[in-house]
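The values are calculated or read from the model by the stated rules, or taken from the named source; none is laboratory data. What you see is a predicted model, and the numbers here were worked out from it, not measured in a lab. Virtual Cβ from ideal backbone geometry, glycine too; neighbours counted across all protein chains shown.
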Amino acid sequence: MHIYKDKSVLLGVLVLAMIVAHASFTSAREKEMVEIAGGEFKSGAALKAINVKTFHIDKYEVTQEKIAKSIKDWEIPTGKEDHPATEVTYFDAEAYCKSVGKRLPTALEWEKAARGDDGRIYPWGNDFDSAKANTVESGAGSTVPVGSFKSGVSPYGVHDMSGNVWEWVNGWDGNDKKYRIVMGGSFFDNAKNGKVFSVLKSIPDDSHTYVGFRCAK
């Protein structure tokens, strides 16, 4: 055991330890995110060429367990610790992302992370496969643990971008800015709504059992 008589040396050691600890925490957090390289991709059903800047997005939807650590008195449904957090408003999702040093992805960022740059309809390709997404066709009838459909990942390795839960994004439906939008479909929806450009409008303070979110930065 070292005994530091010089207080300046002791302070330096403590500061270094804090820096190392913070770096380890940041590294662990970043491993749960995927870098999406900036550049052009084909957006929407019309495949319009759009450019986005490089960003990072969560590999998985935010889980019940994670949000419970941030929102006071959050109750986790029995046995669903690793399921996506649901019944969250836009404001809940935005506040959580800010609390962990992140933000909600824009609609275009979310879409690029889901489909890559080749204009595919689903994260894995152009043909729907019920074994690759938690939609009505899969028969689950509810949310499932995040990352359950490993063969349905996007070109960047992002999970559950089709089905499981609709996801809040930082975007508006129309210029009147009355409705926010969610993307990607859910267990409650069929393959048509599980397309990477599928959107559903919702008032920002609404919440549902089939709507969740993920963060970006």
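Checked against (1) at pLDDT below 95; (2) over 14 Å from the mean Cα position of the chain (by Cα); (3) of a type outside the set (K, R); (4) more than 26 Å from T209 (Cβ to Cβ), L47 passes all but a single condition, namely (1).
With the structure loaded, tell me whether A140 is more than 13 Å from A114 (Cβ to Cβ), in a loop (DSSP other than H, G, I, E, B), touching a Ser or Thr at 6+ places or on another chain (Cβ under 7 Å) and of a type outside the set (S, T, N, Q) or whether it fails that test.
Here the answer is no, as A140 does not meet what is asked.
Exactly one residue among K59, K42, K80 is modelled with pLDDT of 95 or more, buried (at least 17 other Cβ atoms within 10 Å of the Cβ) and over 20 Å from the mean Cα position of the chain (by Cα), and that residue is K42.
Report yes if some residue within the range 149-169 is part of a helix (DSSP H, G or I) and either crowded, with 21+ Cβ neighbours inside 10 Å or without any contact (Cβ under 8 Å) to a residue 12 or more places away in the chain (or both); otherwise report no. So that I can check it myself, show each step before the final result.
From the range 149-169, those part of a helix (DSSP H, G or I) are 150-152; that's our starting set.
Adding the requirement that they be either crowded, with 21+ Cβ neighbours inside 10 Å or without any contact (Cβ under 8 Å) to a residue 12 or more places away in the chain (or both) leaves 150, 152.
Taking every residue of the range 149-169 in turn, at least one turns out to be part of a helix (DSSP H, G or I) and either crowded, with 21+ Cβ neighbours inside 10 Å or without any contact (Cβ under 8 Å) to a residue 12 or more places away in the chain (or both).
From the list G163, G152, G184, pick out the single residue that is within 19 Å of the chain's Cα centre (by Cα) and within 18 Å of L104 (Cβ to Cβ). Break it down stepwise before answering.
Working: G163 fails: within 18 Å of L104 (Cβ to Cβ); G152 fails: within 18 Å of L104 (Cβ to Cβ).
Selected residue: G184, the only one of G163, G152, G184 that is within 19 Å of the chain's Cα centre (by Cα) and within 18 Å of L104 (Cβ to Cβ).
Among the residues of this structure, W172 counts as one that is out of contact with any Ser or Thr (no Cβ under 9 Å at 6 or more places or on another chain), of a type outside the set (D, E, K, R) and either within 18 Å of L200 (Cβ to Cβ) or modelled with pLDDT under 95 (or both).
What tally of residues in the range 108-134 results from selecting those that are surrounded by fewer than 24 Cβ atoms within 10 Å (Cβ to Cβ), in contact (Cβ under 8 Å) with a residue 24 or more places away in the chain and not aliphatic (A, V, I, L, M)? Give the steps one after another, and end with the answer.
Step one: of the range 108-134, the residues surrounded by fewer than 24 Cβ atoms within 10 Å (Cβ to Cβ) are 108-109, 116-122, 124-132.
Adding the requirement that they be in contact (Cβ under 8 Å) with a residue 24 or more places away in the chain leaves 108-109, 116-122, 124, 128, 130, 132.
Restricting the remaining residues to those that are not aliphatic (A, V, I, L, M) gives 109, 116-120, 122, 124, 128, 130, 132.
Adding up the residues that qualify gives 11.
Pairs linking a residue in the range 198-211 that is in a loop (DSSP other than H, G, I, E, B) to a residue that is of a type in the set (D, E), with Cβ atoms under 7 Å and 6 or more positions apart or on different chains, are S207/E87; H208/E87; T209/E87. Among the residues of the range 97-107, those that are surrounded by fewer than 22 Cβ atoms within 10 Å (Cβ to Cβ) and in a helix (DSSP H, G or I) comprise K98, S99, A107.
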